[in-house]
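The values are calculated or read from the model by the stated rules, or taken from the named source; none is laboratory data. This one's a predicted model, so the numbers in the text were calculated from it and none came from an experiment. Every residue, glycine among them, receives a Cβ derived from its backbone with ideal geometry; neighbour counts consider all protein chains shown.
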Ligand code: ACO
């Protein structure tokens, strides 16, 4: 066993300029601002526009900002892992494309799926490579262009999702006691029936029939997903606090996946956290899938103090869910 602990030493995010408001969505589907705000907490989301633009472009913008902030040079990066369900292409991985666009030549790179848990699962993957001593500068990215797979004729899903990207730099913690302490990661494949994108893979290769059946879009059965998200995130948050000998009072902040404000409120109440400790920016970005957690950390960065205990928690398609406990290292 090694004693190396991985720490986040910088975070940066990117959201596209175009703001898609609830009022604009009400022109496309039978919905209204009041319903969307009261049922989800979302007022607007960002959409990536422009011919030839893709998920990697948002990730590249986030990482450029991260490099500038942390004084990192592309040649120093030795591993890039990207959580995404909206890769630029079916293959190769978007992490490879991101690395190429940034001139990262000394790293190995790959994607992690895991839907809305993509960043959390990627973070745990990066953390293991640092902890093993094999890698020293890891970029962990969460990036999704959900507008590419959302059906703007389906009012139950198009209101939720938005586009965005965030990235953190992971390095060996400089000071003892700081950095990532523990992660709990869970999967339950029986959830596939309630949340999936059916076509485009080997089961339903792209064809006129799959396009006509709108099978290249997100399918979600909202109610069971809502319940599973609340119980899944609440149980891992409680467990990670308990098994590390802490109490809710010790935790400064929770960064929860931003899928629905009511889900966040339920998780807070089931885990005895006041809403003031929950990072919430869903009102302006909606659900950016793998990008929600780094976008929260980016927005809260100036409020985080060295030594703060922070929990990240997510739930998404798969089902996949989990929690990570860390002591903020800067
Ligand atoms: N505007 C107006 N009415 C609507 C809308 C809308 N945009 N969408 C649905 N409705 C209607 C429905 O048709 C239904 O009408 P009916 O009662 O006449 O049949 C009614 O509102 C209630 O529908 P529900 O689906 O039960 O609404 P609910 O309160 O559950 O909200 C939502 C739907 C927002 C999708 C919610 O279920 C949810 O947030 N689910 C979880 C999402 C989540 O966590 N996903 C996981 C991460 S995503 C990922 O991993 C990719």
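Within the range 236-265, can you find the residues that are surrounded by fewer than 18 Cβ atoms within 10 Å (Cβ to Cβ) and not in a loop (DSSP other than H, G, I, E, B)?
Correct list: 238, 239, 242, 243, 248, 249, 250, 252, 262, 265.
Among the candidates 263, 241, single out the residue that is closer than 18 Å to residue 321 by Cα and under 17 Å from the mean Cα position of the chain (by Cα).
Unique residue meeting the criteria: 263.
Within the range 248-260, does at least one residue satisfy the condition of being within 16 Å of the ligand (Cβ to nearest atom) and over 21 Å from the mean Cα position of the chain (by Cα)?
No: zero hits.
Going by the structure shown, is residue 215 without any contact (Cβ under 8 Å) to a residue 24 or more places away in the chain and touching a helix residue (DSSP H, G or I) at 6+ places or on another chain (Cβ under 9 Å)? Explain how you work it out, then say what you get.
Details: without any contact (Cβ under 8 Å) to a residue 24 or more places away in the chain: yes; touching a helix residue (DSSP H, G or I) at 6+ places or on another chain (Cβ under 9 Å): yes.
For residue 215, the condition - without any contact (Cβ under 8 Å) to a residue 24 or more places away in the chain and touching a helix residue (DSSP H, G or I) at 6+ places or on another chain (Cβ under 9 Å) - is met.
Which pairs turn up if I take residues in the range 261-280 that are within 17 Å of residue 249 (Cα to Cα) and look for partners that are within 16 Å of the ligand (Cβ to nearest atom) and in a loop (DSSP other than H, G, I, E, B) with beta carbon separation below 9 Å, at least 6 apart in sequence or on another chain?
279/258
Hey, among 72, 55, which residue is over 24 Å from residue 286 (Cβ atoms) and assigned by TED's automatic domain parsing to the domain that holds residue 158? Before the answer, list the steps.
Values: 55 fails: over 24 Å from residue 286 (Cβ atoms).
Exactly one residue qualifies, and that residue is 72.
Over 15 Å from the mean Cα position of the chain (by Cα) and not in a helix (DSSP H, G or I): is that true of residue 69 in this structure?
no
Give 288, 324 a once-over and let me know the one that is within 15 Å of the ligand (Cβ to nearest atom) and closer than 25 Å to residue 62 by Cβ.
The match here is 288.
Answer yes or no as to whether residue 226 is within 30 Å of residue 17 (Cβ to Cβ) and crowded, with 16+ Cβ neighbours inside 10 Å.
Criteria not met by residue 226.
So is residue 167 surrounded by fewer than 24 Cβ atoms within 10 Å (Cβ to Cβ), under 27 Å from residue 19 (Cβ atoms) and in contact with a helix residue (DSSP H, G or I) (Cβ under 9 Å, 6 or more places away or on another chain) or not?
no
Checking the conditions here, which among 81, 85 is farther than 12 Å from residue 164 by Cα and within 16 Å of the ligand (Cβ to nearest atom)? Spell out the reasoning first.
Values: 81 fails: within 16 Å of the ligand (Cβ to nearest atom).
Going through 81, 85 in turn, the sole match is 85.
Could you list all residues from the range 266-320 that are part of a helix (DSSP H, G or I) and either at positive phi or out of contact with any strand residue (DSSP E or B) (no Cβ under 7 Å at 6 or more places or on another chain) (or both)?
Correct list: 266, 269, 270, 275, 276, 282, 283, 289, 292, 299, 302, 303.
To keep it simple, each residue is scored yes or no on (1) closer than 30 Å to residue 156 by Cβ; (2) crowded, with 19+ Cβ neighbours inside 10 Å; (3) within 11 Å of the ligand (Cβ to nearest atom).
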{"site": "233", "(1), (2), (3)": "yes, yes, yes"}
{"site": "283", "(1), (2), (3)": "yes, no, no"}
{"site": "307", "(1), (2), (3)": "no, no, no"}
{"site": "314", "(1), (2), (3)": "yes, yes, yes"}
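Return the residues of the range 19-44 that are in contact with a strand residue (DSSP E or B) (Cβ under 6 Å, 6 or more places away or on another chain) and surrounded by 17 or more Cβ atoms within 10 Å (Cβ to Cβ); say none if nothing qualifies. Give the derivation first.
Within the range 19-44, the subset in contact with a strand residue (DSSP E or B) (Cβ under 6 Å, 6 or more places away or on another chain) is 19-21, 44.
Matches in the range 19-44: 20, 44.
Could you list, in sequence order, the residues of the range 90-100 that are part of a loop (DSSP other than H, G, I, E, B) and either touching a helix residue (DSSP H, G or I) at 6+ places or on another chain (Cβ under 8 Å) or in contact (Cβ under 8 Å) with a residue 12 or more places away in the chain (or both)? I'd like the intermediate steps shown before the answer.
Taking the range 90-100 as the starting set, the residues that turn out to be part of a loop (DSSP other than H, G, I, E, B) are 90-93.
Within the range 90-100, 90, 93 meet the criteria.
Can you pull out the helices (runs of 4 or more DSSP H) entirely within the range 107-223 that have at least 3 residues that are within 14 Å of the ligand (Cβ to nearest atom) and over 30 Å from residue 4 (Cβ atoms)?
It comes to 155-158.
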